[in-house]
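Here the structure is laid out as structure tokens; the discussion comes afterwards.
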Amino acid sequence: MNVLEVNNVSYRYHDKMVLQDVTFTVQKGELFGILGPNGSGKTTLLKLLSKELSLQTGMIFLNGKPLVSFSQKELARLVAVLPQSVDTTFGYTVKETVELGRYAHQGSLFPKWTEGDEQAVIKAIEQVELLDKMEEGIDQLSGGERQRAYLARALAQEPDILLLDEPTNHMDIAQQMKLLDRLSKWTKEKRLTVIAIFHDMNLASLYCDRILFLKQGSVIGVSEPNDMIEESTLRNVFGAPVRRQAHPVVPNPIVTFLPEMELPEREKELRDRLTIEKSHERIVVTTSQPFKVLSSSLVGAGFQWATHFVNRHVSKDYRCDDAEEEMKQYLRSHTLDVKRTIGMMTAVCLEDAAYVYRKEETFSLFTIVTAGIGNAVDAAKAWERDESAKGVGTINIIVFIDGTLMDAAYVQAMMTATEAKTKALYDERILDPKTNTMATGTSTDCIAIAASQMNTVFDYAGTITPLGKAIGRSVYEATREALRRYQQRRGDDQ
């Protein structure tokens, strides 16, 4: 059900058109966001909705009635407003400031303060977590606390519609999240309708049911965040380069801003920008600048920027209830920044690692593989095995690429590397000891694709692309060499 209808509203300040043919609806119980660059007409629109400004052109309907037909007191019973900035009422306490929100519910020239008024005020103050400041002067509060006090004044009106102009202004991150969590909860539980101006696109995406974009007074679009938070739309509205990404927890998009940066020119070959330290305990690769990595590693899984890549040897009987935390402690003990480190484990001898460097016409790559068959498994037959994997993964692959990879290229690079590894196992006739079928890997293999994000751009890295061909060949050759060294050492040990 629509509680608000805005039809062909235009507004002009002197000779300047601020809003032009704005049309949209807002449903009951909706958290509706208004976004746009400075000067796009957001605040003017909110002032028209609250009757602070008079309509010039078009119509606004509230609950099916023309907005112009409501008196200010009638409107105040339905709509509460929190403007972007409020003049401080010096001498008033927080409680006295919030009490002003009950004006719309006073029914005579000499109003009588009721128990219902008192409860509404206390409840509003409690909702913004200012009970302990209730008797303090409003002018003694911090900017964020003052904003919350004025929000409490609006809530004390017990409105059906709440109009907010940058409600999180002056609030720290924790308070922003608490406020928006509450607003979202109230829209669902109390059917409160919230119309808010946002500057933070990520907050709007996370909390708004729908978003309206304004540009130079005109509506660019109105829809759900998934439809509106698009790179091309944001570039059109805000004129800023952005990258849309999926939120890691909820099914909403988030926006990453892309600063204008002058990337360093390539002065050295890829292998000259990698420092490799080898010992029987670990292989550590240090890069001269951060590489963007997609990995399945024990530490640093997913996307991460990293400067250190650690492949650590552990004994075959290594057991730990929390291997990830133990690995992080190990890295810290060796003065490695966990937030910038990709950490893997293997039970094979690191002296048997294989290294392959390839220099192509427009890019180069460097591959490191440690491989063994102690936990060899056929992925197509693994469902027949009763036990879960308990051993440490024995095939670890790290591919360093001097190039710029798009997200699809990262994923395809991992697929290509995995296929090449599987083919190497097949050609080396490695069997799953439980099913006696060809093994496709080991129980907890790790792969890391690390790119400098400089120079040549790669949209894809499938097996038939130039980058994919180089990855496939390098991983295949390195995996076969590492497997042969592993088998030779095992034979020598016997």
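What follows draws every value from the coordinates through simple rules; no lab data is involved. The shown structure was predicted, so the numbers you read here are calculated from the model rather than taken from an experiment. Every residue, glycine among them, receives a Cβ derived from its backbone with ideal geometry; neighbour counts consider all protein chains shown.
Label points 7 Å out from Cα along the Cβ direction at Thr256 and Glu281: separation in nm?
Between Thr256 and Glu281, the simple spin-label model gives 3.4 nm.
Gain in length, Ile173 to Ser69, computed as 0.36 nm per residue apart minus the alpha-carbon separation, to one decimal in nm?
Contour length minus Cα-Cα distance gives 33.4 nm.
Residue by residue through the range 152-161, what is 3J(HN,Hα) from phi via Karplus (6.51 cos²θ - 1.76 cosθ + 1.60, θ = phi - 60°)? Round to whole Hz and write x for glycine and proline.
With the stated coefficients, the range 152-161 comes to 4, 4, 5, 5, 5, 5, 6, x, 8, 10 Hz.
Taking just the alpha carbons, could you work out the radius of gyration and Dmax for the chain, both in angstroms?
When restricted to Cα atoms, the chain yields Rg and Dmax of 30.9, 102 Å.
Quick one: which of Lys185/Lys328; Lys16/Lys178; Lys73/Lys95 span more than 32 angstrom between C-alpha atoms?
Lys185/Lys328; Lys16/Lys178
As an exercise, use a Förster radius of 35 Å and the Cβ-Cβ distance of Glu189 and Leu55 to find the FRET efficiency, rounded to the nearest 0.05. Can you show the working numbers first?
Details: r = 33 Å, r/R0 = 0.94.
The calculated FRET efficiency here is 0.60.
Give the order of Phe303, Phe458 when sorted by the count of other beta carbons within 10 angstrom, beginning with the fewest.
Phe303, Phe458
I need the trypsin sites (Lys or Arg not before Pro) found in the range 143-238, filtered to DSSP loop residues with at most 11 other beta carbons within 10 Å of theirs.
Lys190
Would you mind pulling out the separation of the Cα centroids of the range 303-335 and the range 55-75, in Å?
Centre-to-centre (Cα) distance: 64 Å.
Once label points are set 7 Å from the Cα along Cα→Cβ at both Ser333 and Asp321, what is their separation, rounded to one decimal in nm?
1.8
With 25 Å as the limit, write out which pairs from Lys51/Lys112; Lys268/Lys292; Lys421/Lys469 have Cα-Cα distances beyond it, or answer none.
Lys51/Lys112
Before rounding to the nearest 500, sum -39500 (n - 2.57) across all DSSP H runs of length at least 4 in the chain and divide by the residue total; then give [θ] at 222 nm in deg cm²/dmol.
-9000 deg cm²/dmol
On full extension of the chain, what length is gained from Asn38 through His14, given 0.36 nm per residue of separation minus the C-alpha to C-alpha distance?
Roughly 6.8 nm would be gained on extension.
What are the ³J(HN,Hα) values, in whole Hz, obtained from phi via the Karplus relation 6.51 cos²θ - 1.76 cosθ + 1.60 with θ = phi - 60°, for each residue of the range 318-329 in sequence order, with x given for Gly and Pro?
4, 9, 7, 5, 9, 5, 5, 5, 5, 5, 4, 5
What are the residues whose amide H is under 5 Å from the amide H of Leu212, where those residues sit 5 or more places off or on another chain and H is modelled from the backbone?
When sequence neighbours closer than 5 places are left aside, the close amide H contacts are Gly33, Ile34, Leu35.
Could you name the aspartates and glutamates in cross-link range of Lys65, using Cα to Cα under 16 Å and dropping any fewer than eight places away on the same chain?
Of all the aspartates and glutamates, those that pass the test against Lys65 - Cα under 16 Å, at least 8 places apart if same chain - are Glu5, Glu74, Asp160.
How far, in nm, would the chain grow between Lys381 and Gln84 when pulled straight, counting 0.36 nm per residue and subtracting the alpha carbon separation?
Working: separation 297, 0.36 × 297 = 106.92 nm, distance 6.25 nm.
Between Lys381 and Gln84, full extension yields 100.7 nm more.
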